[in-house]
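Trainee: Below is a structure I'd like to ask you about.
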Amino acid sequence: MNDRIIYLDNNATTAVTPEIFEVMRPYFCEKYGNPSSIHRFGGSIAADIENARRQVAALLGATYRDKDNCATEIIFTSCGTESDNSAINAALAALPERKKIVTTAVEHPAILHYCEELSRKGFTVELIGVDNCGRLDMSAMEKAVDENTAIVSVMWGNNETGTIFPVAEAAEIAHKKGAYFHTDAVQAAGKVPIDVNAAKIDFLSISGHKLHAPKGVGALYVRRGIAFTPLICGGHQERSRRGGTENVASIIGLGEACRIAKENLANEYRTLKEMRDAFEAKLLKTIPRIRINGDLENRLPGTSSVSFECIEGESILMLLDVFGICASSGSACTTGSLEPSHVLRAMGIPYSAAHGTIRFSLSRNNTMEELDFVAEKLPPIIARLREISPYWEEEK
Ligand code: PLP
């Protein structure tokens, strides 16, 4: 076993970086007051939360500030899932006469499972498909959105393949029919430029742990003027839009993460893309019968979904693990069997390839040296597994 960890699973979660941790540190044992308190000890923390709110708003291009300079379009939540659920819940409440939700077949379960729940309650849910490169069928979307549609929800970037969707175009389709538009930008925030005003977004979700802030914090952008019904009711926190005492340290961490991401966006985009592309080029050169999944012209910079034909992703992961290499497979364990993920199935990737799909996802903590190491270890792993694969024999 190898002591060294090469972490290439950053779409699952990222490390909190030391700079971000240091900014959070005082809020555990020193500045532990409740931001809702009247006394200065707690009250001063409310001002720090407002600073974090402005930092999040700046990353998303949200420009509106109220008279106290608060970025009121940002609501802090507990995670990306809560932000996604809250957006749909709020849109349905704001347009109660409309009973339809249009979304895509490749959304995260945070959207899809919430929509399944809503369909059991009588709402109509229409899922728009993708082609085999993961590109959204925009003409199907145009047809699906109608006067009964309350909300259209299209993710900014896909967590499995990195494919980036035309959210501005989808927002326009929604608005033409009077529907709201939400985007799940959990994977995109901090990796590609986002401007909620330019793209005319009504709701946008982000999650702290995908951009080096802690787990258990997220944010929802809600365009000014939209009547917002909270998903979680309680105290008057977040201007009565999300009850519950604020997760102060994590909110401060999320603000700082957004500040750092904004400052380094262009550089990091370039570095991650160069590393990812060089890694993929090496694999394509040294391993036969593989395919890179997603829209290769339009992907998040650090995501690489690779299908190795005729073997199982889980076996690859186990052998990579021996070298301390962490990645993800493109399968979901349902009722004991490994089914290719809903994203790969929606793309129509053949089973023999979908089963052997691995997602490598990078962050600013990775180096080219690490990727070279992985690219060196993979060819013998794949060859060894194919040797014992009955499917490989058949295919030869
Ligand atoms: N949306 C996308 C695209 C994701 O990738 C994830 C997490 O993997 C989520 C939503 C859920 O975020 P959280 O884990 O913060 O609930």
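The values are calculated or read from the model by the stated rules, or taken from the named source; none is laboratory data. In this text, all values refer to a predicted model and were calculated from it rather than measured experimentally. Please note: Cβ atoms are built from the backbone with ideal geometry, for glycine as well, and neighbour counts cover all protein chains shown. Please note that ligands, DNA and RNA were not included when accessible areas were found on the heavy atoms of the full protein model with its side chains. Shrake-Rupley method; radii C 1.70, N 1.55, O 1.52, S 1.80 Å.
Trainee: What span do the alpha-carbon atoms of the stretch 163-238 cover on each of the three principal axes, reported in whole Å from largest to smallest?
Mentor: Principal extents (largest minus smallest coordinate, Cα): 36, 30, 16 Å.
Trainee: So, in nm, how far is label Leu319 from label Tyr391 when the simple model puts each one 7 Å beyond its Cα toward the Cβ?
Mentor: 1.5
Trainee: Can I get the semi-axes of the stretch 216-353's equivalent ellipsoid? Compute them from the C-alpha gyration tensor as square roots of 5 times the eigenvalues, in angstrom, largest first.
Mentor: Value: 38, 22, 16 Å, ordered largest first.
Trainee: What FRET efficiency comes out for the pair Asp195/Asn51, r = Cβ-Cβ distance, R0 = 25 Å, nearest 0.05?
Mentor: Efficiency, from the Cβ-Cβ distance: 0.75.
Trainee: Just name one of Leu112, Ala185, Ala219: the one whose Cα is farthest towards the positive end of the charge dipole of the chain (beta-carbon charges, Lys/Arg +1, Asp/Glu -1).
Mentor: Checking the options against the dipole of the chain, the answer is Ala219.
Trainee: Suppose accessible area is computed on protein heavy atoms with a 1.4 Å probe; arrange His212, His236, His113, His342 from highest to lowest.
Mentor: In descending accessible area the options line up as His236, His113, His342, His212.
Trainee: Sticking with this one: How much accessible surface does Ser329 have with a 1.4 Å probe, in Å² rounded to 10?
Mentor: Taking all protein chains as shown, Ser329 has close to 30 Å².
Trainee: Modelling each spin label as a point 7 Å along the Cα-to-Cβ direction, I'd like the Arg224/Arg289 distance in nm, to one decimal.
Mentor: In this crude label model, Arg224 to Arg289 measures out at 5.9 nm.
Trainee: For the stretch 1-151, what is the Kirkwood hydrodynamic radius in Å, using each pair of distinct C-alpha atoms?
Mentor: About 19.4 Å, per the Kirkwood formula over Cα pairs.
Trainee: Could you tell me what percent of the DSSP beta bridges with both partners in the chain are antiparallel, to the nearest 5? Provide the component values of the computation, followed by the final result.
Mentor: Working: 27 of 46 bridges.
For the chain, the DSSP antiparallel bridge percentage is about 60.
Trainee: Additional query: Could you tell me which GluC sites (Glu not before Pro) in the stretch 143-220 are loop residues by DSSP with no more than 14 other beta carbons within 10 angstrom of their beta carbon?
Mentor: For GluC sites (Glu not before Pro) across the stretch 143-220 that sit outside H, G, I, E and B with at most 14 neighbouring Cβ atoms in 10 Å, the list reads Glu147.
Trainee: Ignoring ligands, DNA and RNA, what accessible area per residue does the chain give at 1.4 Å, in Å²?
Mentor: Per-residue accessible area for the chain comes out at 42 Å².
Trainee: Accessible area of Leu254, 1.4 Å probe, to the nearest 10 Å²?
Mentor: 0
Trainee: Charges only on Cβ, +1 for Lys and Arg, -1 for Asp and Glu: so what's the dipole of the stretch 6-104 about the Cα centre, in debye to the nearest 20?
Mentor: Computed about the Cα centre, the dipole is about 320 debye.
Trainee: With charges only on Cβ, +1 for K and R and -1 for D and E, what is the dipole size of the chain about its Cα centre, in debye, rounded to 20?
Mentor: Charge dipole, the chain, about its Cα centre: 880 debye, nearest 20.
Trainee: In percent, how large is the relative contact order of the stretch 296-396, given Cα pairs closer than 8 Å and 6 or more residues apart?
Mentor: 40
Trainee: A further question follows. Can you give the % of DSSP beta bridges in the stretch 1-160 that are antiparallel, to the nearest 5?
Mentor: 10
Trainee: Mean separation of Cα pairs under 8 Å and 6+ residues apart, divided by the residue count of the chain: what relative contact order is that in percent?
Mentor: Values: 820 pairs, mean separation 86.8, N = 396.
After rounding, I find 22 percent.
Trainee: Of the accessible area of the stretch 1-108, with the probe set at 1.4 angstrom, what percent is carbon plus sulfur?
Mentor: 57
Trainee: About the Cα centre of the stretch 78-195, how large is the charge dipole given +1 on each Lys and Arg Cβ and -1 on each Asp and Glu Cβ? Please answer in debye to the nearest 20.
Mentor: Dipole size: approximately 220 debye.
Trainee: In Å and whole numbers, how far do the C-alpha atoms of the chain stretch along each principal axis, longest first?
Mentor: 70, 51, 38
Trainee: I would also like to ask the following. Of Glu97, Glu126, Glu142, which has the largest mean-square fluctuation in a 10 Å C-alpha GNM of the chain?
Mentor: Comparing Glu97, Glu126, Glu142 in a Gaussian network model of the chain, the most mobile one is Glu97.
Trainee: Evaluate the stretch 108-202: find the radius of gyration of its Cα atoms, find its Kirkwood radius, and give the ratio Rg to Rh. Don't jump to the answer; show the numbers that get you there.
Mentor: Details: Rg = 13.0 Å, Rh = 13.8 Å.
Reported Rg/Rh, Kirkwood definition of Rh: 0.94.
Trainee: Ok, one more. What is the Cα coordinate range of the stretch 258-299 on the first, second and third principal axes, sorted by size from largest, in whole angstrom?
Mentor: Rounded to whole Å, the extents work out to 42, 18, 13 Å.
Trainee: Points 7 angstrom from Cα along the Cβ direction at Arg40 and Tyr64: gap in nanometres?
Mentor: Computed distance between label sites Arg40 and Tyr64 equals 3.4 nm.
Trainee: GluC sites (Glu not before Pro) within the stretch 26-95: which are DSSP loop residues with at most 14 other Cβ atoms inside 10 Å?
Mentor: Here the GluC sites (Glu not before Pro) that fit, given the DSSP loop and packing criteria, are Glu30.
Trainee: Hey, what number do you get for the chain at 222 nm if only DSSP H runs of n ≥ 4 count, each worth -39500 (n - 2.57), divided across all residues, to the nearest 500?
Mentor: Rounded to the nearest 500, it is -13000 deg cm²/dmol.
Trainee: Something else now. Return a single number: how many Lys pairs in the stretch 114-256, at a sequence separation of 8 or more or on separate chains, have alpha-carbon atoms below 16 angstrom apart.
Mentor: Details: Lys143/Lys176; Lys143/Lys177; Lys176/Lys200; Lys177/Lys200; Lys191/Lys210.
Value for the stretch 114-256: 5.
Trainee: By the scheme Lys and Arg +1, Asp and Glu -1, what is the net charge of all other residues having a beta-carbon under 9 Å from that of Arg359? Walk me through the numbers before you get to the answer.
Mentor: On the way: positive: none; negative: Asp9, Glu160.
With Lys, Arg at +1 and Asp, Glu at -1, the neighbours total -2.
Trainee: Taking the 0 to 90 degree range and rounding to the nearest ten, how far is the long axis of helix 80-94 tilted relative to the main principal axis of the chain, both from C-alpha atoms?
Mentor: Result, in degrees: 50.
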